[in-house]
Amino acid sequence: MIFNFLATNAQLNQEPKKITNKFFSELNNLENITPALKKKKGFTNYEELIDFIDEKVKKYPESVSSSFIGESQKGKKIPLIYIKKKNHNDEKKLKVWMQGGLHGNEPASTESLLYLIHLILEDSDYNYLLNKIELAILPMANIDGFLKNDRYAANGLDLNRDHTKMMAPETKASKVAFADFDPHVALDFHEYRPFRKDFAQLSSFGIANPYDVMFLHTGNLNVPENIRTIIDTLFVKNAKKSLDKLNLRHRHYIKSEKYKGEIHFSTGSNTARSSSNFYALNNGIATLFEIRGVGIGKTSFKRRINSGLSVGFSFLKTAYENSIFIFDEIAKANTYSNDIVLEHQRSVYSDVIKAIDIGSNEMIDFETTMHSSKDSYAISKRDRPLAYIVKQNNFGFIEKLKDVGVDYVELQKDTVIYSGSYRVIEFYDNFKVYEKMRMQKVVTSIEYNNNGFSKGDILISMNQKRSNLIVELLEPEAPNSYVSFGIINTSLNSQLPIYRIKNLNN
């Protein structure tokens, strides 16, 4: 009982020094040049963030600019930094989006980005990257949460579950800015909690997660296969090599979960409500990565920032060295025309992960059952239309489509178009409220007829780069669609305000 108490207590408080000393020695090669590194206690506050940005804009006016893309729920203006070198030639540049602080209790995500800004401007070992790359950096996406060291936004929402429903003003601001910048590569900096409460039940007296960095890239099967392959076998592979040089441990992202009363682990993600999948559905090279840091204060803080810098610069170098290839592969992805995957199924297998045994303070091989979204397969598909038509309505989701950069045209007159209408033939809404949304699950039938449409209804061609995101938002059975989130409130036998077109010539 005493050992169990100590294990649980360790997981709810600071990291035990015996673990830090043995496994996470500090990397002290960084200078104290960012706000949080300049002080012994606390992390970067809002005033320090703005001062840091303003100093870079003032010092490098030809390369650095910033803008406020919106306000947090408590009225803090959200800064976005643009870094672009003015070349004499007109060479096309890769656009890279980087963001941190989406969860307010993950401070090394923001500090890594501030340090990266400093190095890419000040250090010749890095600023050559700007010859082929331009950056948009959102260092503190959840300002209200960050200032009180809280994961959630002021309204209690998890902003990394809000990418499709877009119910927080911070989400809308970042999505509009993301779509305007239209990046080829997107990287989301996070931290994870190494001591989870259910870890106390594992091994003899509990375990801790030992990985300095875990990678979470897309397993969503609506993302073109070439994009998924490039992320995994080029960008993440190179980032792992970069971490190896610093002797930092890494693997694909894992988390514990309860399954039929047992603690299993899951890996990967295919849900469009999370950034790594949302960005990849824009046909971008996208990865979310997690640094080991939530709940341990400033312990090993420079080691954590080094982890972020290593991954960040590895992605930039890979982009720099493969720019023509990336342009070509994204162009290929933009012609993707496979059937739509409505439902994924995770693969399940026995696996072995590394863990720190708290009782013995030793690294162990821990056998577990793994549920993998990284290796998921389709169990429900639907043919891909050439276009959708959305009728004017009171649901408010047309504005959301615009905010994420979906291109559409308004019908200029009343007309009749041969199209498929969705009717709800099965309906379920007996779910717990999720992120303040009353979830729905539907099964629809599609009937093709000559349907009448009015001036002002919108036509969405699937001949655009965000076509794979469009299907995740509009197909009613998709788990992160406007229907599934209850944004389009429906019921049994209702007809939805969404139509699909198979032939644009009709």
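The values are calculated or read from the model by the stated rules, or taken from the named source; none is laboratory data. Just so we're clear, the structure is a prediction, and the values are computed from it rather than from any experiment. Quick reminder, even Gly has a Cβ in these numbers, built from the backbone with ideal geometry, and neighbours come from all protein chains shown.
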- Residues of the range 60-70 being without any contact (Cβ under 8 Å) to a residue 60 or more places away in the chain and more than 26 Å from the chain's Cα centre (by Cα), in sequence order, are 61, 62
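From the set of residues in the range 333-390 that are basic (Lys, Arg) and surrounded by 14 or more Cβ atoms within 10 Å (Cβ to Cβ), which is modelled with the lowest pLDDT? Spell out how you get there, then give the answer.
Within the range 333-390, the first condition is being basic (Lys, Arg), and the residues that meet it are 346, 354, 374, 381-382, 384.
When the remaining residues are screened for being surrounded by 14 or more Cβ atoms within 10 Å (Cβ to Cβ), the result is 346, 354, 374, 382, 384.
Working: 346: 95, 354: 97, 374: 90, 382: 97, 384: 97.
Per the criteria, the residue is 374.
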- Only one of 136, 154 is among the small types (Gly, Ala, Ser), in a strand (DSSP E or B) and modelled with pLDDT of 95 or more; which? 136
- Message: Restricting to the range 38-82, name every residue that is aromatic (Phe, Trp, Tyr) and under 16 Å from residue 138 (Cα atoms).
- Response: 46, 52, 68, 82
- Message: Quick test of your reading of the structure: residue 257 fulfils all but one of (1) modelled with pLDDT of 95 or more; (2) touching a Ser or Thr at 6+ places or on another chain (Cβ under 9 Å). Name the failing condition by number.
- Response: (1)
- Please find, among 62, 55, 31, 26, the residue that is charged (D, E, K, R) and more than 16 Å from residue 122 (Cα to Cα). 26
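Would you point out which residue out of 114, 121 is on the phi < 0 side of the Ramachandran plot, buried (at least 23 other Cβ atoms within 10 Å of the Cβ), more than 17 Å from the chain's Cα centre (by Cα) and in contact (Cβ under 8 Å) with a residue 60 or more places away in the chain? Walk me through how you get there before you give the answer.
Details: 121 fails: buried (at least 23 other Cβ atoms within 10 Å of the Cβ).
Among 114, 121, only 114 is on the phi < 0 side of the Ramachandran plot, buried (at least 23 other Cβ atoms within 10 Å of the Cβ), more than 17 Å from the chain's Cα centre (by Cα) and in contact (Cβ under 8 Å) with a residue 60 or more places away in the chain.
Scan the range 454-500 residue by residue and report those that are assigned to a helix (DSSP H, G or I) and of a type outside the set (Ser, Thr, Tyr).
Initially, the range 454-500 is screened for residues assigned to a helix (DSSP H, G or I), giving 467-474.
Answer for the range 454-500, where residues must be assigned to a helix (DSSP H, G or I) and of a type outside the set (Ser, Thr, Tyr): 468, 469, 470, 471, 472, 473, 474.
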- Do you know which residues across the range 40-63 are under 25 Å from residue 299 (Cα atoms) and assigned to a loop (DSSP other than H, G, I, E, B)? 40, 41, 42, 43, 44, 45
- Restricting attention to the range 392-428, which residues are modelled with pLDDT of 95 or more, within 32 Å of the chain's Cα centre (by Cα) and assigned to a loop (DSSP other than H, G, I, E, B)? 404, 405, 406, 407, 408
- Task: Output the residues belonging to the range 334-378 that are small (Gly, Ala, Ser), free of Cβ contacts under 8 Å to residues at least 60 places away in the same chain and not in a strand (DSSP E or B).
- Result: 337
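Return the total of residues in the range 328-366 being under 14 Å from residue 206 (Cα atoms), in contact with a strand residue (DSSP E or B) (Cβ under 7 Å, 6 or more places away or on another chain) and not basic (Lys, Arg). Step through it out loud before you land on a result.
Taking the range 328-366 as the starting set, the residues that turn out to be under 14 Å from residue 206 (Cα atoms) are 354-366.
Remaining after also requiring in contact with a strand residue (DSSP E or B) (Cβ under 7 Å, 6 or more places away or on another chain): 354-358, 363-366.
Subsequent filtering for residues that are not basic (Lys, Arg) retains 355-358, 363-366.
Going through the range 328-366 one residue at a time, the tally reaches 8.
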- When every residue in the range 1-46 that is of a type in the set (Gly, Ala, Ser) and modelled with pLDDT under 70 is compared, the one surrounded by the most Cβ atoms within 10 Å (Cβ to Cβ) is 7
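Tell me, please, whether a residue that is under 17 Å from the mean Cα position of the chain (by Cα) and either hydrophobic (A, V, I, L, M, F, W, C) or surrounded by fewer than 22 Cβ atoms within 10 Å (Cβ to Cβ) (or both) can be found in the range 200-213.
Within the range 200-213, the first condition is being under 17 Å from the mean Cα position of the chain (by Cα), and the residues that meet it are 213.
Those left that are additionally either hydrophobic (A, V, I, L, M, F, W, C) or surrounded by fewer than 22 Cβ atoms within 10 Å (Cβ to Cβ) (or both): 213.
Yes, the range 200-213 has at least one match.
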- Task: Just give me the residues in the range 458-497 being crowded, with 21+ Cβ neighbours inside 10 Å, touching an Asp or Glu at 6+ places or on another chain (Cβ under 7 Å) and not polar (S, T, N, Q), in sequence order.
- Result: 478
- Message: Take the conditions among the hydroxyl-bearing types (Ser, Thr, Tyr), in the same structural domain as residue 180 (by TED's automatic domain parsing) and either farther than 30 Å from residue 198 by Cβ or not in a helix (DSSP H, G or I) (or both) and apply them to residue 109. Does it pass?
- Response: no
